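Take a look at the structure below.
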Amino acid sequence: MKKTFVIFMVLGILVSGLYAYSQDDRIKDMRTMADALSEVQRGILYNNKKLVHDGVESLKAASKNIEIAPKTDMDYSTSFARDQAKNITRYANKLNINMDEGKKHSALTNYTKVLNQCVSCHNKIRKWNQ
């Protein structure tokens with residue numbers, strides 16, 4: 001019984017390790033995030049809560065998928081990207097709340113904070129500043 005359980009656990013770990021987050025996956029998720037940001041912006045400009053909510057949900061779903069493989073032992077980009085994704089989710093949630101409360105300027109401020117998280121990550125990880 002114990003051996004069977006251990007065998008299934010090992011197989012489960014091996015199978016889950018077969019799927020690696022590829023460059024194509026990352027590009028797809030980045031495009032999804034860009035489209036979601038556009039949808040949120042349109043929703044704010046047209047005062048359309050549904051567009052904002054749909055865009056925020058797409059943005060949060062795509063940001064959960066983002067993975068960066070460390071290049072060295074001292075590479076912090078993995079944890080940095082994870083932190084940026086958490087910040088994106090946090091500001092996106094605030095944006096949703098602002099729209100529900102009718103606070104358009106606050107929603108726009110949180111939209112800008114989301115966008116700043118994206119640019120910050122791209123500056124550090126994709127080396128946009130160089």
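The values are calculated or read from the model by the stated rules, or taken from the named source; none is laboratory data. These numbers come from a predicted model, not from an experiment. So basically every Cβ, Gly included, is an ideal-geometry build from the backbone, and we count neighbours across all protein chains shown.
Going through Thr78, Thr109 one at a time, which residue ends up being under 19 Å from the mean Cα position of the chain (by Cα), of a type outside the set (Phe, Trp, Tyr) and at pLDDT 95 or above?
Testing whether each residue is under 19 Å from the mean Cα position of the chain (by Cα), of a type outside the set (Phe, Trp, Tyr) and at pLDDT 95 or above leaves just Thr109.
Go through the stretch 1-58 residue by residue and tally those that are of a type in the set (Lys, Arg) and either farther than 15 Å from Leu95 by Cα or at pLDDT below 95 (or both).
5
Of all residues in the stretch 24-72, which are within 16 Å of Ala107 (Cα to Cα) and either free of Cβ contacts under 8 Å to residues at least 24 places away in the same chain or among the aromatic types (Phe, Trp, Tyr) (or both)?
Across the stretch 24-72, the qualifying residues are Ser38, Glu39, Arg42, Leu45, Tyr46, Asn48, Lys50, Leu51, Asp54, Gly55, Glu57.
If a residue must be surrounded by fewer than 20 Cβ atoms within 10 Å (Cβ to Cβ), small (Gly, Ala, Ser) and outside any loop (DSSP other than H, G, I, E, B), how many such residues does the stretch 98-110 contain?
Selection size over the stretch 98-110: 1.
Checking Lys113 against (1) in a helix (DSSP H, G or I); (2) at positive phi; (3) charged (D, E, K, R): exactly one of these is not met. Which one?
Just one mismatch for Lys113, condition (2).
Of everything in the stretch 67-97 that's part of a helix (DSSP H, G or I) and touching a Phe, Trp or Tyr at 6+ places or on another chain (Cβ under 9 Å), which residue is surrounded by the most Cβ atoms within 10 Å (Cβ to Cβ)?
Out of the qualifying residues, it is Leu95.
Out of Lys64, Lys124, report the one residue that is among the charged types (D, E, K, R), loosely packed, with under 15 Cβ neighbours inside 10 Å and in a helix (DSSP H, G or I).
Criteria check complete, one pass: Lys64.
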